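Data block below; observations after.
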Amino acid sequence: ALADLEERYVDIAEVPRCPKLCYTRWFDRDDPSGFGDYETLINLRAENLGMICNLPYSIQVQTLSGADASTTGQVFA
């Protein structure tokens, strides 16, 4: 019954918040020649001020051949 319900209030400050998410467009600053294809976040940020999410949690990679990037032995970090 309604009389059995107790009122509950939640302090909004205690509610966990999801971080603000954003999507960064694709950047390609180097080609796989010479010593490799180096697309570091520090260089991308320096060249594209304010255009990259503050706290990226995922990256997307693509090979020229179309092979699955996880099979190349390359490091993506």
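What follows is calculated from the coordinates using simple rules that are stated; it is not laboratory data. Computed from a predicted structure; not experimentally measured. Cβ atoms come from the backbone with ideal geometry, glycine included; neighbour counts cover every protein chain shown.
Rounded to the nearest Hz, the phi-derived 3J(HN,Hα) couplings of segment 25-33 under the Karplus curve 6.51 cos²θ - 1.76 cosθ + 1.60 (θ = phi - 60°) are 5, 6, 10, 9, 10, 8, 10, x, 9, where x marks glycine and proline. Stretching the chain fully between residue 61 and residue 24 yields a gain of 12.0 nm (0.36 nm per residue, less the alpha carbon separation). Peptides 34-44, 59-69, ordered by how many other C-beta atoms sit within 10 Å of their residues on average, highest first, read 34-44, 59-69.
In a simple Cβ point-charge model (Lys, Arg +1; Asp, Glu -1; nothing else charged), segment 18-77 has a dipole of about 340 debye relative to its Cα centre. The gain in end-to-end length when the residue 38 to residue 53 segment is fully stretched comes to 3.5 nm, 0.36 nm per residue minus the alpha carbon separation.
Rounded if a/c is under 1.5, else prolate if a/b beats b/c, else oblate: with a ≥ b ≥ c from the C-alpha gyration tensor eigenvalues square-rooted, which is segment 21-68?
Oblate shape, in that a/c is at least 1.5 and b/c is the bigger or equal ratio.
Taking amide H positions as modeled 1.01 Å from N, with prolines and chain starts lacking one, the residues under 5 Å from residue 24 and 5 or more places away or on another chain are 53.
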